[in-house]
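As structure tokens, the structure follows; a few thoughts come after it.
The values are calculated or read from the model by the stated rules, or taken from the named source; none is laboratory data. Computed from a predicted structure; not experimentally measured. Neighbour counts are summed over all protein chains in view; Cβ atoms, including those assigned to glycine, are modelled from backbone coordinates with ideal geometry.
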Amino acid sequence: MTKKTSTKKHSLGHYLKQNRRVPVLAILRTHRKVQHNVFQRDWRHRKLRVPK
């Protein structure tokens, strides 16, 4: 098994945070201008392209 460097771990955590769904309160406050997360992806179908 390979060990992750701290920069790799930081970038993976960043992509994990980007993947979160939009809070319902944010949708309501913006009068549904913000409805979905552009960065959201399905881990089964779309592969994460992380620069090395």
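Structural remarks
- ASN37 meets each of the listed conditions (1) assigned to a loop (DSSP other than H, G, I, E, B); (2) within 9 Å of the chain's Cα centre (by Cα); (3) exposed (fewer than 11 other Cβ atoms within 10 Å of the Cβ) apart from (3).
- Among the residues making up the stretch 1-25, those that are of a type in the set (A, V, I, L, M), surrounded by 10 or more Cβ atoms within 10 Å (Cβ to Cβ) and at pLDDT below 95 are LEU12, LEU16.
- Test: THR30 is among the polar types (S, T, N, Q) and either exposed (fewer than 10 other Cβ atoms within 10 Å of the Cβ) or in contact (Cβ under 8 Å) with a residue 40 or more places away in the chain (or both): no
- Residue that is out of contact with any helix residue (DSSP H, G or I) (no Cβ under 6 Å at 6 or more places or on another chain), in a loop (DSSP other than H, G, I, E, B) and of a type in the set (Ser, Thr, Tyr), where the choices are THR2, THR7: THR2
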